Amino acid sequence: MPFGQVVIGPPGSGKTTYCNGMQQFLHATGRKISVVNLDPANDFLPYECAINMADLITLEEVMEEFKLGPNGGMMYCMEYLEKNIDWLEEKLKSLEDSYFLFDFPGQVELFTHHGSVKNIIERLQKLDYRLVTVHLVDAHYCTDPSKYISALLLSLKTMLQIELPHINVLSKIDIIESYGKLAFNLDFYTEVQDLSYLLDHLDSDPFASKFKELNKALCGLIEDFSLVGFYTLCIEDKNSVMNLVKVIDKANGYVFGGLTHGNESIMLTAMSDINSHHDVMEVQERWLDHKEIYDEWETKQKQQQIDQNKKG
């Protein structure tokens, strides 16, 4: 019963960086981690890759041979993988005692309406893989109301399409305000609170104001489903990663009896904090309200640790 994460998100959301950081973090906790690169266009892999789709097919080869563009070539590659799923299954057999990170491409149409990725995931489920979707969205979308609503729609459609336990994550939370100030506190965006407040901001935009009724209908659609919410992540911050891992482990069932011996994981669950959704206000204080103060304090702490090690 292998466990794992299906890591998806738009281009630039930090999927490869996430897989690299998560691999290091989980390895440090004692898990055997195998990262599977299923992005045929990813020719730079900072992490240790156990299975690489480039060994089967690459986007560059497809574009050159069939004269396709990037999006068409990517769809062909995923359809090719679906038809040759036996290749992936054979590779996975030797790694069945691992915890898996599946690094998928960033083309959003693969997760909103194209069927190949969904079929690949369903095949893995039939092989008794316990998976959870980790959908990364760049946190800077929160600084622009129209981009934020687009991110909500993308997250909602992906949840309905993939049909796995699903976790939406605002990545790069540490640099969120480098693109502009948030109109509301962070919890407004993570909990997807009353979107009518965003409509006022959209109506003040010269371009977005042309589509008032459409904006209202889209916000109403998101609120009617009431499915989308976000966790936050700074992949370089251990506490941030640890809080997210707790949520992921409960979502795919790993924490209730994963690869550990006996029932130790169940005991750990009983002793762990019941509220795995970390306090968003603490995240706001750390990364938005007092980021400089915390950064300075952490730098001093690291320097003190270095000085102590030298003396020791």
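Counting only protein heavy atoms and using a 1.4 Å probe, the accessible area of residue 113 comes to about 130 Å².
Both the radius of gyration and Dmax for the chain are 20.8, 67 Å, in that order, over alpha-carbon atoms. Centre-to-centre, using Cα atoms only, segment 82-113 and segment 1-79 are separated by 9 Å. Heavy-atom accessible area for residue 85, with the other protein chains in place and a 1.4 Å probe, reaches approximately 10 Å².
Computed over segment 1-116, the alpha-carbon pair-distance distribution with 5 angstrom bins reads 2, 11, 21, 24, 21, 13, 5, 2, 0, 0, each value a whole percent.
The residue among 99, 165, 284 whose Cα reaches farthest toward the positive pole of the charge dipole of the chain, with charges on the beta-carbon of Lys, Arg, Asp and Glu, is 99. Taking 298, 223, 65 as the candidate residues, the one with maximal mean-square fluctuation in a Gaussian network model of the chain, Cα springs under 10 Å, is 298. Each peptide among 94-100, 43-49 gets the average number of other Cβ atoms lying within 10 Å of its residues, and from highest to lowest they stand as 94-100, 43-49.
Computed over the Cα atoms of segment 53-104, pair by distinct pair, the Kirkwood hydrodynamic radius stands at 12.2 angstrom.
Ranking 296, 89 from most to least accessible surface, computed with a 1.4 Å probe over the protein chains only, gives 296, 89. State which entries of 172/216; 238/300; 32/250; 181/238; 15/147; 172/291 exceed 21 angstrom in Cα-Cα distance in the structure shown. Table pairs above 21 Å Cα-Cα are 172/216; 181/238. Average projection, convex hull of the Cα set of segment 4-56: 3.7 square nanometres. Got a sec? Charge dipole of the chain, +1 on Cβ for Lys and Arg, -1 for Asp and Glu; which of 156, 228, 127 is way out at the positive end? Checking the options against the dipole of the chain, the answer is 127. Given +1 at the Cβ of Lys and Arg, -1 at the Cβ of Asp and Glu and no other charges, the dipole of the chain around its Cα centre is 420 debye to the nearest 20. Taken along its principal axes, the alpha carbon cloud of segment 94-233 reaches lengths of 57, 31, 23 Å, longest axis first.
To the nearest 20 debye, what charge dipole does segment 83-158 have about its Cα centre, counting +1 at the Cβ of each Lys and Arg and -1 at the Cβ of each Asp and Glu?
For segment 83-158, the charge dipole is close to 220 debye.
Using just its DSSP H runs of length 4 or more, each adding -39500 (n - 2.57), the chain gives a mean residue ellipticity at 222 nm of -15000 deg cm²/dmol after division by all residues.
Specify the longest stretch of the chain that does not include any exposed loop site, a site being one of the trypsin sites (Lys or Arg not before Pro) with a non-H, G, I, E, B DSSP assignment and at most 15 other Cβ atoms within 10 Å. The answer is 182-312. Quick one: Debye curve from the alpha-carbon atoms of segment 129-188 only, equal weights, vacuum; give me log10 I(q)/I(0) at q = 0.14, 0.25, 0.27 Å⁻¹ to two decimals. Reported log10 I(q)/I(0), two decimals: -0.43, -1.04, -1.14.
The values are calculated or read from the model by the stated rules, or taken from the named source; none is laboratory data. It should be emphasised that the depicted structure is a prediction, and the values quoted were computed from it without experimental measurement. When we count neighbours, we look across all protein chains shown, and the Cβ atoms used for this are built from the backbone with ideal geometry, even at glycine. Ligands, DNA and RNA are stripped out before the accessible areas are found, and what is left, the full protein with its side chains, is counted by its heavy atoms. Shrake-Rupley method; radii C 1.70, N 1.55, O 1.52, S 1.80 Å.
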